[in-house]
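The values are calculated or read from the model by the stated rules, or taken from the named source; none is laboratory data. Predicted model, so just to flag it, every value in this text is computed and none were measured. Counting neighbours? That spans all protein chains shown, and the Cβs are built from the backbone with ideal geometry, glycine included.
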Amino acid sequence: MAVVRGDSMRPTLAPGDRLLVRYDARPAPGDVVVARFVDGTVVVKRAVERRDAGWWLLGDAAPVGVDSRHRGPVPDAAVLGVVRARLWPRPGRVPAPCRPGT
């Protein structure tokens, strides 16, 4: 499990949401993941694309919060798991990001 802190994943996820995380899963573009930045901060972000140096992670509420725009790509080994579902308070699958025009 993981708990969301902060607003960087709004409206998809809100502070206090409890998430079911599969820690042995390999991410795919579009997945919400739990990852560790080089400074040790553990984050919940969207894996946007795989680059040579690792995964490019963004918050759904960009420009709110810190993500790969500030820290660069996250190495594969630092992507700890893939979010499979929100358990509480609104149980269900984690939706794809809401992007205008898509």
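Determine which member of the set Val43, Val32, Val21, Val83 is in contact with an Asp or Glu (Cβ under 9 Å, 6 or more places away or on another chain), surrounded by 16 or more Cβ atoms within 10 Å (Cβ to Cβ) and more than 15 Å from Ser8 (Cα to Cα). Walk me through how you get there before you give the answer.
On the way: Val43 fails: more than 15 Å from Ser8 (Cα to Cα); Val32 fails: more than 15 Å from Ser8 (Cα to Cα); Val21 fails: in contact with an Asp or Glu (Cβ under 9 Å, 6 or more places away or on another chain).
Every option except Val83 fails the conditions.
What are the residues in the stretch 19-50 that are in contact (Cβ under 8 Å) with a residue 60 or more places away in the chain and more than 11 Å from Arg84 (Cα to Cα), if any? Quick ask: steps written out before the conclusion?
The initial filter retains those residues of the stretch 19-50 that are in contact (Cβ under 8 Å) with a residue 60 or more places away in the chain, namely 19-22, 30, 32.
Of everything in the stretch 19-50, just one residue is in contact (Cβ under 8 Å) with a residue 60 or more places away in the chain and more than 11 Å from Arg84 (Cα to Cα), namely Gly30.
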Of the criteria (1) of a type in the set (A, V, I, L, M); (2) assigned to a strand (DSSP E or B); (3) modelled with pLDDT under 95, which one Val64 fails: (2)
Out of everything in the stretch 53-80 that is surrounded by fewer than 19 Cβ atoms within 10 Å (Cβ to Cβ) and touching a Pro at 6+ places or on another chain (Cβ under 8 Å), what residue ends up being farthest from Thr12 (Cα to Cα)? Ala53
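Condition first: surrounded by 13 or more Cβ atoms within 10 Å (Cβ to Cβ) and either among the basic types (Lys, Arg) or at pLDDT 95 or above (or both). Now tell me which residues in the stretch 86-102 satisfy that. If you could, list the steps in order and put the result at the bottom.
So in the stretch 86-102, the residues surrounded by 13 or more Cβ atoms within 10 Å (Cβ to Cβ) come out as 86-87, 94, 96-97.
Passing the criteria: Arg86, Leu87.
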